[in-house]
Structures are given as C-alpha cells and as structure tokens.
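Taken together, the values in this text are just the output of simple stated rules run on the coordinates, not laboratory data. Model, not experiment: these values are computed from the prediction. All Cβ positions, glycine included, derive from the backbone under ideal geometry; neighbour counts span all protein chains shown.
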Amino acid sequence: MTSTGLHTLKKFPFVRLLLPLIAGITFEWYVQVELLYILLAAVIAIFLFIIYILLPISKKFSLRWLQGILLTALLASLGGCITYTKNITHQKDWIGDHYHAGDNVIITLEEPLVEKDNSFKAVASVNAVKEKKVWRNVTGKILIYLQKDTSLNKLGYGSQLLINKPLQSITNSGNPGAFDYKRYSIFQNITHQVFLKQDEVILLPAKNINWLQQKLFDIRSATIKTIQQNIKGEQEQGVAEALLIGYRNDLDKDLVQAYSNTGVVHIIAISGLHIGMIYFLLNLIFIRLRRFKGINYLRPFIILFVLWTFTLVAGAVPSILRSAVMFTFIVIGQAINRKTNIYNTLAASAFCMLVYDPFMLWDVGFLLSYAAVISIITFMQPVYHWLYFENKLLNKIWQLTSVTISAQILTLPVVVFYFHQFPNFFLITNMLVVPLSGLILYGEILLLCISFISGFASFVGKILYGLIWFMNTFIQHINNFPFSVWNNLQINIFQTWTLYGFIVLLCVWLLRKSLASFIISLVFFASFVISVSVEMIYRNQQQKLIVYNVPKQSAMDIIQGDKYYFVGDSVLLKDYSLQNFHLKPARNLFHTTSSNDTILKIFPDNLIKIENVSVLIIDNSFKDFSPSKKTLLDIIVICKNPRLSISQLQNEFACKEIIFDSSNPLWKIERWKKECDSLHLRFHSVPQQGAFVMDL
C-alpha cells in the first residue's frame, strides 16, 4: 500500500479496525477453526505485542509495521472468536447435541402466534429436554407450526408447552441457486422445526415472560389495532403497518413484488430511511424550540430515547438496529461538539454491530444500507453538479434525483448479485414514493398521538388511506409497464468484485482525474467481460434435467442452452410466489428463459427424449404396460403417489436411476427406497436429498 493510502486510512481509524474484524468473521465461518486455535493465535499476538512495547524506541521505529500486523491479527482473532461463540451449534448446551427423536421437550413461545394459511407459526426457545429420563436444560430455538384450533390459537408470548413429537432438523431444498434457509436459520439460533396438533401439545401453567418484551409486544399490538380501526382496506393497512413498525404479516404478496420490481421495496422494509425521517422531524422540532433555555441539553437524550423506542417497537430487526446505532454515534458526536467524519461513523457503527452479531455480515439489508449511505455521501454532490436549475422547485427535484442516482452506484452489484433483477424505473418511483412515504409516516405518528380522539383519528385515517391507496396504485401501474424490470440477471462472486473494482476506480478517475485509476478500471472491466463471455459460451452448450424440491408439488425443468421447458403441476404456473421461491433461482443461475420450442420429443405415456436420453414420468395414472421385453430408460421420475411397486417397474423397464419427487408422501418413498436397496437399484429422494440435477 502506498504512503498516500496509509495516510488516508489514518483519518478513519474504525475502518482500519473494521477490515480485519470482517476478515476474521469470514474466515471462521467458512473454515470453521476450533476456538482453541483462535485463542492461541490471539495469545501469541498479545505476547509479541508486549515484546514490541518493551523494545527500544529505535527498534520500535524500524519495526513499526509489526505493530499494525499484530493489531490486525488480534482483531481477526476477535472476529473469529465472536463468530465461533455466537454459533449456536458450538454451545455446549445446544439442543442438537442432547435431543433424540421421541424425547419430551419444554419450549417457550418467543413471540405471539402469526396466522398462516393453514397453521399458526411462532419462534420458540427450547428450555429443557428429557434425556434418559432426566430433564436437562438446553439452549436453542425452533420453529413451531400449530394446527388451527380454537384452543391452540389462544397461545401467546411466554406460553410454555410440553411437546413429544419428533423435531425435524431444518434443511435446504437443494434446488440450484436457492436461498440458504438453513444458514439463515442458524444465524437466528434456529435449528429445528415441528408441526403440532392439539393432542401433541400440553400447555404448562407457568409462563416465561420478559417484562420489557411483553410491553413492546403490547405496544405493537395496540399500534396495529389503531391502524386497522382507522385505515380501511387490507392492502392499505398492510402497507401502513409495514411502513410504521415493520410488521409485514399483513402485506399482499403481489403488492410486495410490485414494490420490489419498481425499486421501492425499502419503503415497506423498515430501514434507515425510516430512522432518518424521524431524526429529521425531531431536529425540525428542536430548531423551533431552541429559544427555550436548557432545551439543547435535553435534545440528545430525547432524540436517542425516541429513536431507540421506535427501534425496539419495530422489533429491533438488523436493518433498523444498525441505523439506530449509526444515528446514536452522530447524535453523541453533535452533543459533545465533535465534528465526526461520516465514513468513520459508519465504520464505527458497523464495527459495533458486527461485534454484537457477526452474522449481520451475511444480511443483504446490512450490505445494501451501508453501500447506499456510502454511495450517497460520496457521489451525491458530484451528481448534483451535473445540472443547474435556477427554479427552486426544479432544483429540489434534481436534488432528490441526485440522491436516488448516487445511491444506485454502489448498490448496483449487490442488487444484481442477490436479486438478479434491476428496476428500470427506479428514478420515477423513488422521486414520488420517498417523499410521499415520509408524509405517510409522519401522518401515522400523528394518528397514534391523537388515537384517543376518535373523530379526529378517523379523519386522519381517511387521509392516510387515500395517500397509501394512491402510492400503491402508482406502484402497480409502473409495475405493469413493459420492461419495468430487467430480469434474469446473474453474476457470481468474482464478477461482483470485478464490477465493484470497475465502478469504484472509474469514479476515482472521474472525480480525481487519475490516469492510473482509469487504466486499472479497464483491467477490471475486461476481467468482468471475459468472465461473462465464458459463462455465455457454457450456457449455450448446457443441457440439464432438474427435478425440483417443491413441497407436495411435481416440478421439472429440461434445460437446453438458454431455454427451459417446464413439466409439472399447473399450480406452479399460476402461483408466482412459489415460482419465485422454488424455480426462479435455478433459472437465474443457469441464465434460462421459457420456451415452447425445444428439440425434445414427448411421446405418449409421458415418455420424454432429449438427444440420447430418455426420461419416463410415472404418475397416479400409470398402468401396467406388460411389454414383451423390457424398455430401456435412463431416468424414471415417480410423482403423484402412484400405486406401484419397484419390482413391478423392474419387470417392465431397465432403468439407470429412479427419482422420487416431492409430490409423493414420505412413508411411501421410504417403502420404495427399501425395495430399491433390495433390488440394488440407484435412486434419489428429492424431498430428503434435495433437487435432482443431471447433465444430459
């Protein structure tokens, strides 16, 4: 690193602390080093640091580089140690190390029940397991799904239950490109799940309630009740709840997709935008009150109290918690009359957040919010100076546009990498929706303040309904425009970093006229283009068979080049949420689009031929062929729980491998698997082993 680079880093001490911490967190998660070795590395670094301190001044000066290396090692060790200890599977009392199928378990509901289509869902902490007739205290959390019943739906936060139904480990679907739900759950300390009927649950008389948590749930419940009483319309209520306190259970799925496609999903995903709006409102109020003596002394305490109360009521989710931490640093810096560098403040807040929860590093919202803020503070002014307007209204519009454009610069690679799409009309939607959502947020706060005045509250509620209805209608109209969203974008980790390198260095060249930055940016761009080109060549040659793991559904894609042909249940063609969750990730991963024109041939009796590969789909309409000789096949896919035995199939077909898809019941698959083992036949159980993927 050049001396200029080192001098720049010295201005941001928390950046220098943050980078090795992130390195330690990342290394520990992917390599899984034992805690003993992490502590040993830390002890060695401390020992060498003590020796360095005891050296003569002349030696210290010549070995000053060693000080930085040792500090880096200590911080990396800190990151590794925190990551190891925060991982629930490494804790000695973790339920996974003591629970066996059939053991009785005592659990406590960590939240009120959330109603789903066919059940109630809640997160529960595990208190104890009856292991070998002895109760043992354990730690960990599980997901419980309760059958809808008049007695079960009365359970609430703090209710303690005794259950004896076997817990199921949380696993991934195994579908290509699918969201890593198992890792996400582990980050929340959740490792198991169970579906319970009324006779499988015993409600214990005791309750385990945290007073503060109960109050927060009560406040949230009262807030939701106030919104639902005064704002009409289910869609409008859902948006109002999400916008104010981040409660998303009442949101319409299609509406959420429309917000995502138009680039304004951050409006209903509570984040730093909401904290910033409240902070701006509080500052505005205190400016009006500054003539009162002593108000400046109370200002930081009141602002922090309001921001943190809002954060706790909103559930202290990572997206808003990190913003609260960042604004806390800003408010404290202002209170002690210290001019804070915003980059250092951001690094300090990120450092604190990662020390508290290292797994936030894998939170997409965490990455996007920091990328957006850094992008805005870096590029907003240069973008704003592109154009000049004397008219004050046009100038304000251009200011807002500048913020929106600048925010996209560093968030673009993250958006493409994680969401595989780009909203083409983000400028139009953000220009209207961001200020409108701010007005709605302030209106909702006013509604809560005057909720005891029923007539006035009802009037405010009607205004809010109209504003939210207009915002939703506008978003849905934009979403219906042709080319409103650029879909099917897919870049890998290497391409993401090369794209970042190109963007950052190109911006450095534009801002500082650095020729070296321009040349290096071209190198990054060339690397990106070459990598994408190689993938395109591979994509045009690919041929795959994918049998998806979709619960209780049959779904299969036959991929040829950049096209796929779908074979499966019609419900998956109508339900876009199921498509987006189970099928779309694989189609994005392999860069494919739908096509009715394929070179595969579909014969009677569900026999499909692709090139030299033959695939037979057997469902509940299957009949005994009784051919004179065995039919040669490559793959048999069994779906829809047909009445057959594996020996019957062996008499009629000579097959290389049998696939049991997720539309079959598990008990039947277990029986078929035993038959396959006895007949020495290869098989693949999709619901148990994940999706079946085969190169053709």
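The protection proxy used here, the mean number of other Cβ atoms lying within 10 Å of each residue, ranks peptides 280-289, 157-166, 685-694 as follows, highest first: 685-694, 157-166, 280-289. DSSP assigns beta bridges within the chain; of those with both partners inside it, close to 70 percent run antiparallel.
Look at ILE475, ILE106 and count the other Cβ atoms within 10 Å of each Cβ; fewest to most, that gives ILE106, ILE475. Amide hydrogen proximity for TRP94: with H placed 1.01 Å from N in the peptide plane, the residues at 5 or more positions away or on another chain lying under 5 Å are THR139.
For segment 481-503, the residues whose backbone nitrogen is under 11 Å from a point 7 Å from the Cα of VAL534, taken along Cα to Cβ, are 494-495. Relative contact order of the chain, taken over Cα pairs closer than 8 Å and 6 or more residues apart, is 10 percent. Look at [x] 34.1; [y] 29.4; [z] 28.1: the one that is Kirkwood radius over Cα pairs in Å derived from this structure is [y]. Put in order of Cβ neighbour count within 10 Å, fewest first, the listed residues HIS100, HIS591 become HIS100, HIS591. The alpha carbon gyration tensor of segment 150-275 gives principal lengths a ≥ b ≥ c with a/c of 1.5 or higher and a/b no greater than b/c, which makes the shape oblate. Mean residue ellipticity, 222 nm, helices only, the chain: the sum of -39500 (n - 2.57) across DSSP H runs of n ≥ 4, divided by residue count and rounded to 500, is -17500 deg cm²/dmol.
Overall, the ratio between the Cα radius of gyration of segment 95-209 and 2.2 N^0.38 Å, rounded to two decimals, is 1.06. Net charge in the neighbourhood of PRO176 (other residues with Cβ under 13 Å of its Cβ; Lys, Arg +1, Asp, Glu -1) is 0. In straight-distance terms, cross-link reach from LYS154 covers every one of the aspartates and glutamates whose alpha-carbon lies under 15 Å from its own, apart from those fewer than eight places away in the same chain; here that gives GLU110, GLU111, GLU115. Derived scalar couplings between HN and Hα for segment 229-244 equal 6, 10, 10, 8, x, 5, 5, 5, 5, x, 5, 4, 5, 5, 5, 8 Hz in order, rounded to whole Hz, by the Karplus curve 6.51 cos²θ - 1.76 cosθ + 1.60 (θ = phi - 60°), x for Gly and Pro. Packing around the peptides 217-226, 540-549, taken as the average count of other Cβ atoms within 10 Å per residue, puts them in this order, highest first: 540-549, 217-226.
Approximating the spin labels as points 7 Å out from Cα along Cα→Cβ, the TRP65-to-ASP562 distance works out to 4.8 nm.
Compared with the dominant principal axis of the Cα atoms in the chain, helix 515-541 is inclined by about 10°.
Round to the nearest 0.05 the FRET efficiency obtained for SER647 and VAL355 when R0 = 56 Å and r is the Cβ-Cβ distance.
Result of the calculation: an efficiency of 0.40.
For a 27 Å ceiling on Cα separation, which of these pairs sit above it: LYS133/LYS165; LYS253/LYS609; LYS148/LYS673; LYS116/LYS182? In this structure, LYS253/LYS609; LYS148/LYS673 lie more than 27 Å apart at Cα.
Per-residue Karplus couplings for segment 357-369, computed as 6.51 cos²θ - 1.76 cosθ + 1.60 with θ equal to phi - 60°, are listed in order as 8, x, 6, 5, 4, 9, 7, 4, x, 4, 5, 5, 5 Hz, Gly and Pro entered as x.
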